[in-house]
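Visitor: Here it is, the structure, as structure tokens.
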Amino acid sequence: MAVLSDLVDDIIADIQGLVMFSPTGSRYERFINADLEYPIIVVAPENNVNAATYIELPIEFDDARDQIRFGIEGAIESGIVAEGDAVVCNLSIFDDGPDSLVRVQVGESIRSGIYDLFVNSRADSSVIRDVFNVAIELGKKGQKGKPVGALFVVGDAGKVMNKSRPLSYNPFEKSHVHVGDPIVKVMLKEFSRLDGAFIVSDSGKIVSAYRYLEPGAEGVDIPKGLGARHMAGAAITRETNSTTIVLSESDGLVRAFKSGELIFEVDPEVY
Amino acid sequence: MWVLQSFPPVARDFVAAVPQAIWVAILVFIASVVAAVITGRITTRLLLQLNIPTVIEGTALERTAQEFGTSTVNLISGIVRYFIIAVGAVGSLSVTDLQYGTALWQEAVQFLPRVFVALLVVLTGILIGDKVELFVDERLRQIKLPEITIISRLAKFTTFYIAALVALSQLGVATLALVVLLAVYLFAVVAFAAVAFVDLLKSAAVGTYLLLHQPYAIGDEVEIGDTRGIVQEIDLFVTHVENEDEELIIPNTLIFKRGIVRVR
């Protein structure tokens, strides 16, 4: 047993922070009452433990690395930890509650922009989250069992509209549909067989469907092998302040782009 | 009297010794206790059926009641029970023809139902007030300003005040001054709101028109006054227009006053 606790001692030696992912109330209470000399950072969908240092988790990341990155970037942004610090994350990799301790050295390598994508985008973070959920839902079910692709451009809608042209009449003209509305999931499933992009405004209003994006694709660096939809989605984020969320028809993954770069990808099937 | 015949002689003497009116009174009292228990049960059932416990969950009254090991539902059915027992007691006393300074007694009896209603009103008022506070608090949670709780407090105490007023007038206490105070207070709130929100209301009226008819849409290039830019967002109160280096947030009233130029 001495050897095992050595392992744990190595992980928790000289840390400057403890990041707890979705802790239960009693668990958090125990740690906060222990008067640790480093801060406890809670990362959860809702702050139901009333933690002083809390970072909101907008969606459930299926990749533990994305989850950790999000938490650490959030902590850097709020000034709780700084570059060079070592922190320990307590999270659940499988479904049965917190099951792992991960030591992370805070540095440039940890930054992927995943926190930035949700929190510092032009659009509200709840809008990005809603679009994400719609894309994931669409990826899971597809259109009548067949996989579908979709492209959502979120934020900076005025500029995006001026950098695109309609492929046909806009079904959302003079409508006031928001991505968070429950009806949208049904509606978008039908509209997803249309070609082109959906354009969503900063506050979540669906401005248009059926848009052909016309950005210059110069200097866009995305992994080779992604198709025209991803290229167009990535390129528009370079020319405007928007974020794009793309559901791939061929591999079924949902990817997010910002400033012309692929920020992260998730597999809808894992949800 | 055949029942009495079957009793042993001692019991027969005892029954005969006590006046018949007392027996009737005791019977009336027992009947009222039975009725009280049954009505109490029915009230509890009814309140549970109406889902009252979930509705009032988290209110101060419910929490206090739970601290004392009971619940609001029990409290209300308890009041109902005691009221019926009290009525029964009064009824049985009146049967016995006992004289207790009759005028005062009569008044007290007539007063009893009013006290009962007043109690119920106060209880309901406290519950509704607490619920209003919770509701307003929930709505204002996004605004992270500690002093904002004053609004929910105000809403709560206004409800309490009205409940107290109803209860007092139920008891026949002179409440005219309190009513005048309430009227002045409500008038002040309305007048204050009208003055404070006049621009918002105007903007909302224009915003309704803009949202219904959409004379311009997101992505259009427009000119308002001397400024020109691309429309980014239209909501009930404001329009966001953006040009190269600034984002203008224009109240919708201004759009109606100055007009808007769509640039083709």
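Visitor: Which residues, if any, in segment A:202-235 have at least 10 Å² less accessible area in the whole protein complex than in the isolated chain, probe 1.4 Å?
Guide: A:D202, A:S203, A:K205, A:V207
Visitor: I need the calculated FRET efficiency for the pair A:S26 and A:E60, taking r as the beta carbon distance and R₀ as 25 Å, to the nearest 0.05.
Guide: About 0.70, to the nearest 0.05.
Visitor: Could you work out the helix-only [θ] at 222 nm for the protein assembly as shown, with each DSSP H run of four or more residues adding -39,500 (n - 2.57) and the total divided by the number of residues, to the nearest 500 deg cm²/dmol?
Guide: Working: 19 runs with 268 residues, N = 535.
So the calculated ellipticity at 222 nm is -16000 deg cm²/dmol.
Visitor: Something else about it: Using the Cα centre as the reference, give the magnitude of the dipole from point charges on the C-beta atoms of segment A:1-49 (Lys, Arg: +1; Asp, Glu: -1; all else neutral), rounded to the nearest 20 debye.
Guide: Values: 2 positive and 8 negative charges, 53 e Å.
Magnitude of the dipole: close to 260 debye.
Visitor: Do any chymotrypsin sites (Phe, Trp or Tyr not before Pro) in segment B:1-94 lie in a loop, going by DSSP, with at most 15 other beta-carbon atoms within 10 Å of their beta carbon, and if so which?
Guide: Counting only loop positions with at most 15 other Cβ atoms within 10 Å, the chymotrypsin sites (Phe, Trp or Tyr not before Pro) in segment B:1-94 are B:F68.
Visitor: Further question on the same structure: What full-extension length gain, to one decimal in nm, is calculated for B:F157 and B:V261 as 0.36 nm per residue of separation minus the Cα-Cα distance?
Guide: Fully extending the segment from B:F157 to B:V261 adds 32.4 nm.
Visitor: Let me ask something additional. With every protein chain present, what is the per residue accessible area of the protein assembly as shown (1.4 Å probe, Å²)?
Guide: 58 Å²
Visitor: Looking at the protein assembly as shown, what % of its DSSP beta bridges pair antiparallel, to the nearest 5?
Guide: Here the antiparallel bridges make up roughly 75 percent for the protein assembly as shown.
Visitor: Hey, any idea what % of chain B's accessible area is carbon plus sulfur with a 1.4 Å probe? Write out the running numbers ahead of the final one.
Guide: Working: 12130 of 17580 Å².
Using a 1.4 Å probe with all protein chains present, chain B comes out at 69 percent carbon and sulfur.
Visitor: Normalised by the number of residues in chain B, what is the relative contact order in percent for Cα pairs under 8 Å and 6+ residues apart?
Guide: On the way: 246 pairs, mean separation 32.5, N = 264.
Computed value for chain B: 12 percent relative contact order.
Visitor: Another question, then. If you place +1 on the Cβ of every Lys and Arg and -1 on the Cβ of every Asp and Glu, how big does the dipole about the Cα centre of the protein assembly as shown come out, in debye to the nearest 20? Intermediate values should be presented prior to the final figure.
Guide: Details: 44 positive and 64 negative charges, 558 e Å.
So the magnitude is around 2680 debye.
Visitor: Starting from segment B:196-260, pick out the chymotrypsin sites (Phe, Trp or Tyr not before Pro) whose DSSP state is loop and whose Cβ has at most 13 other Cβ atoms within 10 Å.
Guide: B:F197
Visitor: Still on this model: Based on the mean of other Cβ atoms within 10 Å per residue, sort peptides A:175-184, B:84-93 so the most packed one is first.
Guide: B:84-93, A:175-184
Visitor: Wrap a convex hull around the Cα atoms of segment B:23-107, take a quarter of its surface area, and give that in square nanometres. Please report the intermediate quantities before stating the final value.
Guide: On the way: hull surface 28.8 nm².
Mean shadow area of the hull around the Cα atoms is 7.2 nm².
Visitor: Which one of B:V95, A:L262, B:G172 has its Cα pushed farthest toward the positive end of the charge dipole of the protein assembly as shown, where Lys and Arg give +1 and Asp and Glu give -1 at the Cβ?
Guide: Toward the positive end, the furthest listed residue is B:V95.
Visitor: Putting +1 on Lys and Arg Cβ atoms and -1 on Asp and Glu Cβ atoms, find which of B:T72, B:V24, B:L104 reaches farthest to the positive end of the dipole of chain B.
Guide: Most positive-ward Cα: B:V24.
Visitor: Could you tell me which residue out of A:S121, A:N133, A:V184 lies farthest along the dipole of segment A:90-222 toward its positive end? Charges go on the beta carbon: Lys and Arg +1, Asp and Glu -1, centred on the Cα centre.
Guide: Going by the charge dipole, the pick is A:V184.
Visitor: Exposed loop GluC sites (Glu not before Pro) only (DSSP loop, at most 13 other Cβ atoms within 10 Å): please give the longest stretch of chain B free of them, not including the sites.
Guide: Numbers: sites that count: B:E57, B:E244, B:E246.
Longest stretch, sites excluded: B:58-243.
Visitor: Same structure, new question: Compute the label zone of A:E190 within segment A:136-171: residues whose backbone N is under 17 Å from the point 7 Å along Cα-to-Cβ.
Guide: Flagged as within label range: A:138, A:142-145, A:169-171.
Visitor: Which lysines does A:K141 reach when only Cα atoms under 19 Å apart count, and residues fewer than 8 places away in its own chain are ignored?
Guide: Straight-distance partners of A:K141: A:K185, A:K189.
Visitor: List the aspartates and glutamates whose Cα sits under 13 Å from the Cα of B:K156, skipping any in the same chain fewer than 8 residues away.
Guide: The reachable aspartates and glutamates, counting only those whose Cα sits under 13 Å from B:K156, are B:D130, B:E133, B:D137.
Visitor: Okay, moving on. P(r) for segment A:79-220, please, calculated from all Cα pair distances in 10 Å bins and given in %.
Guide: It works out to 10, 30, 29, 18, 12, 1, in whole percents.
Visitor: Using only alpha carbon positions, build the gyration tensor of segment A:2-115, then give the equivalent ellipsoid semi-axes as the square roots of 5 times its eigenvalues, largest first, whole angstrom.
Guide: For segment A:2-115, the ellipsoid semi-axes come out as 19, 17, 15 Å.
Visitor: To continue, here is another question. Give me the lysines in straight-line cross-link reach of A:K159: C-alpha distance below 25 Å, same-chain residues under 8 apart excluded.
Guide: A:K159 reaches A:K174, A:K205, A:K258.
Visitor: So, one more: Have a look at segment B:206-255 and report residues whose accessible surface goes down by 50 Å² or more when the remaining protein chains are included, against the chain on its own, probe 1.4 Å, ligands and DNA/RNA excluded.
Guide: Hits at the 50 Å² cut-off: B:Q214, B:I218, B:Q232, B:E233.
The values are calculated or read from the model by the stated rules, or taken from the named source; none is laboratory data. Source: prediction; values computed, not measured. Positions of Cβ are generated from backbone atoms using ideal geometry, with glycine treated the same way; all protein chains shown enter the neighbour counts. When the accessible area is computed, the model is the full protein with side chains, heavy atoms only, and any ligands, DNA or RNA have been set aside. Shrake-Rupley method; radii C 1.70, N 1.55, O 1.52, S 1.80 Å.
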